[in-house]
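This report refers to the structure that appears directly beneath it.
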Amino acid sequence: MTTRRRRQAGQALIEYAFLFIMVATITIAVIALAGNQVQATVNKVQTCILHVGDYQAQVDNQCSQ
């Protein structure tokens, strides 16, 4: 009976490890694919915050959205 419990515990450990690796891989892939878009958005927000009173930024409609 103890051998069966060890097998089940080992199987559960392998399943959790597989699940962890799968989630980590998906997370890394999403960050890699969306990283450039996120960085561009952050840069745009930073530019708009730095140039709040800048008339040219309002005319160019860069910070309206």
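Going by the structure shown, is residue 48 modelled with pLDDT under 70, hydrophobic (A, V, I, L, M, F, W, C) and within 26 Å of the chain's Cα centre (by Cα)?
On the way: modelled with pLDDT under 70: no; hydrophobic (A, V, I, L, M, F, W, C): yes; within 26 Å of the chain's Cα centre (by Cα): yes.
So residue 48 fails the test.
Residue by residue through the range 12-53, note down the ones that are loosely packed, with under 10 Cβ neighbours inside 10 Å and among the polar types (S, T, N, Q).
Passing the criteria: 36, 37.
The values are calculated or read from the model by the stated rules, or taken from the named source; none is laboratory data. All values derive from a computational prediction rather than experimental measurement. Cβ sites come from the backbone with ideal geometry, for glycine too, and all protein chains shown count toward neighbours.
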